[in-house]
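Report on the structure given below.
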Amino acid sequence: MIIIARSAIAAAPIEEMRAAAAHVLAAGVASHASHASHAFTEQGEPALKERLWERIASGARSIVLVPLIVPMEPSFAIWIGKILARWEREWSREHEQEPGQPWPEIRLAPAPFALPQARDLLAAAVSAAGSHPQPARPPAKREGSIIPAQKRRVLVCHGAPCTAAGASLIWGHLRNVQARRSLRTQGEGMMSAKASCLGPCNLAPVVQVWPEGTSYGGVDEAGIDAIIDAHVLNGAIAEDYAYPADGRKHVLRDR
């Protein structure tokens, strides 16, 4: 069992997820499973892909994903299905010479709050409610902000086609790597941001790197890694994912 949430970067919510997984085991909820852990589908570590790879490598043959996500959009199940299909193909390519490492059965559980039993949990939450926290006092004087000096800007498109193609996952991977490799201070420095539609929807997921304005299409986790190593850190185009702004129509290349 893997308990999943969208994202968390602060220590407290990450610890809360870890504690939730530990509670599942201690309470015997996962008595039909030998393991319970947590992961994030967007920003936060461990990322879901990393956790899945870890569990499969350890010999797991069946994995249940339990989403702690409110609200639970109907599109999430479709999205996670597409991502898992892509990861299964990737796993199969990487381990085609290792017949002892098959892709497991992966099932998606409904969000707990969608179950009838959730009313008991909500009732317990209401009973445990405390006093309303007092708002923090405003600062005595206005504080200034530093304008980022970093040269590179990496934009991840979150228009509808890119979102459907896994942009949130790509964004999370970018942010995790950005923190892990201290990319704000490496090379010429990098900042990252979500963007609305960047234009070439048929090349989803789309990423742009500025100041050059280079567009990358069909970007997956390996694509983010290639863009960082080539473009962000060395100023060179990551050719396998780049598409020229030449006024012509382009289709995704097979990889």
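Ala140 - would you say it is open to solvent by less than 100 Å² (accessible area, probe 1.4 Å) and either at pLDDT below 90 or closer than 24 Å to Glu42 by Cβ (or both)?
No, not satisfied.
Just for the stretch 118-137: of the residues that are open to solvent by 100 Å² or more (accessible area, probe 1.4 Å) and modelled with pLDDT under 85, which one is farthest from Val70 (Cα to Cα)?
Within the stretch 118-137, the match that is farthest from Val70 (Cα to Cα) is Arg137.
Give the number of residues within the stretch 158-207 that are among the basic types (Lys, Arg), within 19 Å of the chain's Cα centre (by Cα) and either crowded, with 20+ Cβ neighbours inside 10 Å or not in a strand (DSSP E or B) (or both).
3
Answer yes or no as to whether Arg89 is of a type outside the set (S, T, N, Q), outside any loop (DSSP other than H, G, I, E, B), surrounded by fewer than 16 Cβ atoms within 10 Å (Cβ to Cβ) and in contact with a strand residue (DSSP E or B) (Cβ under 8 Å, 6 or more places away or on another chain).
The answer is no for Arg89.
Scan the stretch 214-247 for residues that are in a loop (DSSP other than H, G, I, E, B) and either in contact with a Leu (Cβ under 8 Å, 6 or more places away or on another chain) or over 20 Å from Arg175 (Cβ atoms) (or both) and report the count.
Residues flagged as in a loop (DSSP other than H, G, I, E, B) and either in contact with a Leu (Cβ under 8 Å, 6 or more places away or on another chain) or over 20 Å from Arg175 (Cβ atoms) (or both) within the stretch 214-247 amount to 11.
Spot the failing condition for Gln97; the list is (1) of a type outside the set (Val, Ile, Thr); (2) farther than 25 Å from Asp254 by Cα; (3) open to solvent by 80 Å² or more (accessible area, probe 1.4 Å); (4) more than 23 Å from the chain's Cα centre (by Cα), and only one is missed.
(2)
Give the stretch 153-196 a look and list any residue that's farther than 20 Å from Asn234 by Cα and hydroxyl-bearing (Ser, Thr, Tyr), or say none.
Thr163, Ser168, Ser196
Could you tell me whether any residue of the stretch 44-64 is touching a residue at least 12 places away in the same chain (Cβ under 8 Å) and on the phi > 0 side of the Ramachandran plot?
Taking every residue of the stretch 44-64 in turn, at least one turns out to be touching a residue at least 12 places away in the same chain (Cβ under 8 Å) and on the phi > 0 side of the Ramachandran plot.
Give all pairs with beta carbons closer than 8 Å in which a residue from the stretch 202-213 that is in contact (Cβ under 8 Å) with a residue 40 or more places away in the chain and closer than 14 Å to Ala236 by Cα meets a residue that is surrounded by 12 or more Cβ atoms within 10 Å (Cβ to Cβ) and small (Gly, Ala, Ser); count only pairs at least 6 apart in sequence or on separate chains.
Gln208/Ala195; Gln208/Ser215
The values are calculated or read from the model by the stated rules, or taken from the named source; none is laboratory data. All values derive from a computational prediction rather than experimental measurement. Please note: Cβ atoms are built from the backbone with ideal geometry, for glycine as well, and neighbour counts cover all protein chains shown. When the accessible area is computed, the model is the full protein with side chains, heavy atoms only, and any ligands, DNA or RNA have been set aside. Shrake-Rupley method; radii C 1.70, N 1.55, O 1.52, S 1.80 Å.
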